[in-house]
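*Asks:* Starting off with a structure, shown below.
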Amino acid sequence: MFEIWDVHVHLSGVPGATPEERLERLLEGAERLGIARLCVFMGMKWSYDPTPDDMRRQNDEVLRAVKRFPDRAFGFVYLNPQHTQASLDELNRCVRDGPMVGVKLWVAMHCNESKLDPIVARATELKAVVLQHTWYKITGNLPGESTSEDLAQLAARHPNATFISAHSGGDWERGLRAIRPYPNVYGEICGGDPTAGYTEMAVRELGPERVLYGSDAGGRSFASQLAKVLGADIPDSAKRLVLAENTKRILKPILREKGIKI
């Protein structure tokens with residue numbers, strides 16, 4: 001048996017009238033598959049370019065959910081770099097003064113823009129990891145949607161920050177190679193179908209210490225995304241790192257700061 005931590009979970013796409021009910025349903029599914037911890041971000045109804053009020057509402061929903069299950073779930077604060085000061089305020093409210101342990105950035109702005117610099121700098125001061133959505137769409141990305149190359153540029157400017165390339169760019173053969181030169185960027189394998197070779201390539205290109213398991217639940221199932229790791233042709237020692245140990249290691253500094261033992 002492997003310990004499993006899921007670094008990419010949402011309250012959207014899950015039954016339940018309240019954040020607490022939705023996280024309870026997620027945890028029921030996680031329990032059946034032996035997933036010990038979930039990292040949760042974004043609220044019950046998303047927006048591509050959230051206003052400061054919408055950011056706060058979505059983060060409040062996540063705060064409610066993780067407060068109900070503090071031993072099973074961690075929260076990441078959802079920010080919009082279009083509103084830099086509001087994002088810094090939310091970062092301080094939810095991470096410095098609250099229980100959250102990471103930052104979630106989605107599609108409001110390309111992540112290589114200079115407006116992200118103060119947000120990343122503050123996250124680094126707080127020891128919070130930064131999880132950035134990355135994707136290459138054959139139909140064309142959303143106006144502010146980042147690619148792995150965008151994240152590589154941001155990571156080069158902030159070598160002391162810790163970044164997670166969510167989905168490894170979707171087009172993972174391209175995305176993994178883009179982040180390969182940057183040791184402060186971790187490839188995360190959630191989203192998409194459980195295609196053969198994905199995890200094997202991630203481990204080969206980045207090393208097993210830089211690959212993270214995530215599911216993208218409730219947009220994807222826990223099981224389909226676990227299949228990418230459990231069915232991969234990699235040693236059990238690598239599976240152990242991907243499924244939990246790498247996520248535990250990058251979260252350990254901020255968890256220690258908050259007095260959370262793991």
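*Asks:* Filtering the range 155-204 down to residues that are at pLDDT below 95 and over 17 Å from the mean Cα position of the chain (by Cα), which residue is surrounded by the most Cβ atoms within 10 Å (Cβ to Cβ)?
*Replies:* It comes out as P194.
*Asks:* Yes or no: G34 free of Cβ contacts under 8 Å to residues at least 60 places away in the same chain, of a type in the set (G, A, S) and surrounded by fewer than 16 Cβ atoms within 10 Å (Cβ to Cβ)?
*Replies:* It is true that G34 is free of Cβ contacts under 8 Å to residues at least 60 places away in the same chain, of a type in the set (G, A, S) and surrounded by fewer than 16 Cβ atoms within 10 Å (Cβ to Cβ).
*Asks:* Still on this structure: Consider D49 against the criteria (1) charged (D, E, K, R); (2) part of a loop (DSSP other than H, G, I, E, B); (3) crowded, with 16+ Cβ neighbours inside 10 Å: it satisfies all of them except one. Which criterion is unmet?
*Replies:* With respect to (1) charged (D, E, K, R); (2) part of a loop (DSSP other than H, G, I, E, B); (3) crowded, with 16+ Cβ neighbours inside 10 Å, D49 is out only on (3).
*Asks:* Next question. Quick one: which residue in G75, G29, G43 is touching a strand residue (DSSP E or B) at 6+ places or on another chain (Cβ under 8 Å) and assigned to a helix (DSSP H, G or I)?
*Replies:* When all the criteria are applied, what remains is G29.
*Asks:* Also, quick follow-up: Any chance you could count how many residues in the range 106-120 are without any contact (Cβ under 8 Å) to a residue 40 or more places away in the chain and either in contact with a His (Cβ under 8 Å, 6 or more places away or on another chain) or of a type in the set (A, V, I, L, M) (or both)?
*Replies:* Here the count works out to 2.
*Asks:* Against the condition part of a loop (DSSP other than H, G, I, E, B) and touching a Lys or Arg at 6+ places or on another chain (Cβ under 9 Å), how does A232 come out, does it pass?
*Replies:* yes
*Asks:* What are the residues in the range 203-229 that are aliphatic (A, V, I, L, M), closer than 21 Å to C39 by Cα and free of Cβ contacts under 8 Å to residues at least 40 places away in the same chain, if any?
*Replies:* V211, A227 - these are the residues of the range 203-229 that are aliphatic (A, V, I, L, M), closer than 21 Å to C39 by Cα and free of Cβ contacts under 8 Å to residues at least 40 places away in the same chain.
*Asks:* Name the residues in the range 39-61 that are free of Cβ contacts under 8 Å to residues at least 60 places away in the same chain and more than 21 Å from M109 (Cβ to Cβ), would you?
*Replies:* V40, M44, D60, E61
To keep it simple, each residue is scored yes or no on (1) crowded, with 19+ Cβ neighbours inside 10 Å; (2) in contact with an Asp or Glu (Cβ under 7 Å, 6 or more places away or on another chain).
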position	(1), (2)
M1	no, no
W5	yes, no
L11	yes, yes
E20	no, no
F41	yes, no
M44	yes, yes
D60	no, no
F69	no, no
R72	no, no
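*Asks:* Going by the structure shown, is P118 within 18 Å of the chain's Cα centre (by Cα), surrounded by fewer than 17 Cβ atoms within 10 Å (Cβ to Cβ) and not in a strand (DSSP E or B)?
*Replies:* It is false that P118 is within 18 Å of the chain's Cα centre (by Cα), surrounded by fewer than 17 Cβ atoms within 10 Å (Cβ to Cβ) and not in a strand (DSSP E or B).
*Asks:* State all residues of the range 195-221 that are under 21 Å from R249 (Cβ atoms), touching a helix residue (DSSP H, G or I) at 6+ places or on another chain (Cβ under 6 Å) and not charged (D, E, K, R); if no residue qualifies, say none.
*Replies:* T199, A202, V203, P208, V211, L212, Y213, S215 - these are the residues of the range 195-221 that are under 21 Å from R249 (Cβ atoms), touching a helix residue (DSSP H, G or I) at 6+ places or on another chain (Cβ under 6 Å) and not charged (D, E, K, R).
*Asks:* Restrict the check to the range 84-100 and report whether at least one residue is under 19 Å from S146 (Cα atoms) and either part of a strand (DSSP E or B) or small (G, A, S) (or both).
*Replies:* Yes; the residues of the range 84-100 include at least one that is under 19 Å from S146 (Cα atoms) and either part of a strand (DSSP E or B) or small (G, A, S) (or both).
*Asks:* Let me ask you something else. Test each condition in (1) modelled with pLDDT under 95; (2) within 25 Å of K252 (Cα to Cα) for S47 and report the one that comes out false.
*Replies:* (2)
*Asks:* As an exercise: evaluate L91 against (1) of a type in the set (A, V, I, L, M, F, W, C); (2) buried (at least 21 other Cβ atoms within 10 Å of the Cβ); (3) more than 16 Å from V62 (Cα to Cα) and give the number of the one condition it does not meet.
*Replies:* Among (1) of a type in the set (A, V, I, L, M, F, W, C); (2) buried (at least 21 other Cβ atoms within 10 Å of the Cβ); (3) more than 16 Å from V62 (Cα to Cα), the lone unmet condition for L91 is (3).
*Asks:* Would you please name the residue that is surrounded by the most Cβ atoms within 10 Å (Cβ to Cβ), looking only at residues in the range 205-246 that are polar (S, T, N, Q) and closer than 23 Å to R174 by Cα?
*Replies:* It comes out as S215.
*Asks:* Which members of the range 101-141 meet the condition of being in contact with a Phe, Trp or Tyr (Cβ under 6 Å, 6 or more places away or on another chain), over 17 Å from G175 (Cα atoms) and not β-branched (V, I, T)?
*Replies:* G102, K104
The values are calculated or read from the model by the stated rules, or taken from the named source; none is laboratory data. Everything numeric here is computed off the predicted structure, so don't read it as measured data. Please note: Cβ atoms are built from the backbone with ideal geometry, for glycine as well, and neighbour counts cover all protein chains shown.
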